[in-house]
Amino acid sequence: MYHLIEFAVAFPADLEVSSKQPLERTVLQAGTRRRAQVRPHVVETDEGPVEVADLFFEDGTATPSVPFAFFAFVE
């Protein structure tokens, strides 16, 4: 299921266009809205556990481990 999300902060993201190509570095700007599938998980950091999500966009690109603090659900 795709959800409309809006990014709260600008941050550099590694976009996967294809598993056979290297990741593309891009900046996702604050205020940008995109439709994405959200697959949550938790990663351990030096500061403790952080809730993140792998985002799979409608255009077929994906970016891994985006902190939930960086985006919000619009719907």
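The values are calculated or read from the model by the stated rules, or taken from the named source; none is laboratory data. Treat the numbers as computed from the prediction; the structure is a model and nothing was measured. Please note: Cβ atoms are built from the backbone with ideal geometry, for glycine as well, and neighbour counts cover all protein chains shown.
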**Message:** Quick check on Glu75: is it in contact with a helix residue (DSSP H, G or I) (Cβ under 8 Å, 6 or more places away or on another chain), of a type in the set (Asp, Glu) and either on the phi < 0 side of the Ramachandran plot or surrounded by 12 or more Cβ atoms within 10 Å (Cβ to Cβ) (or both)?
**Reply:** no
**Prompt:** Out of all the residues in segment 19-75, which are over 20 Å from Val9 (Cβ atoms), basic (Lys, Arg) and touching a strand residue (DSSP E or B) at 6+ places or on another chain (Cβ under 6 Å)?
**Reply:** Arg39
**Message:** Which count do you get for residues in segment 42-66 that are within 16 Å of His3 (Cβ to Cβ), of a type outside the set (S, T, N, Q) and out of contact with any helix residue (DSSP H, G or I) (no Cβ under 8 Å at 6 or more places or on another chain)?
**Reply:** 8
**Request:** Go through segment 25-47 and count every residue that is in contact with an Asp or Glu (Cβ under 8 Å, 6 or more places away or on another chain), over 13 Å from Ser65 (Cβ atoms) and at pLDDT 95 or above.
**Result:** 6
**Subset tally (residues that are assigned to a strand (DSSP E or B) and closer than 13 Å to Phe68 by Cα) for segment 1-24** = 4
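For Ala13, are the conditions met, namely being under 21 Å from Glu75 (Cα atoms) and aliphatic (A, V, I, L, M)?
On the way: under 21 Å from Glu75 (Cα atoms): no; aliphatic (A, V, I, L, M): yes.
No.
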**Request:** Specify which of the listed residues (Val52, Val66, Val42, Val9) is in contact with a His (Cβ under 8 Å, 6 or more places away or on another chain) and at negative phi.
**Result:** Val52
**Message:** Please count how many residues of segment 25-59 are of a type in the set (Asp, Glu), exposed (fewer than 13 other Cβ atoms within 10 Å of the Cβ) and not in a loop (DSSP other than H, G, I, E, B).
**Reply:** 2
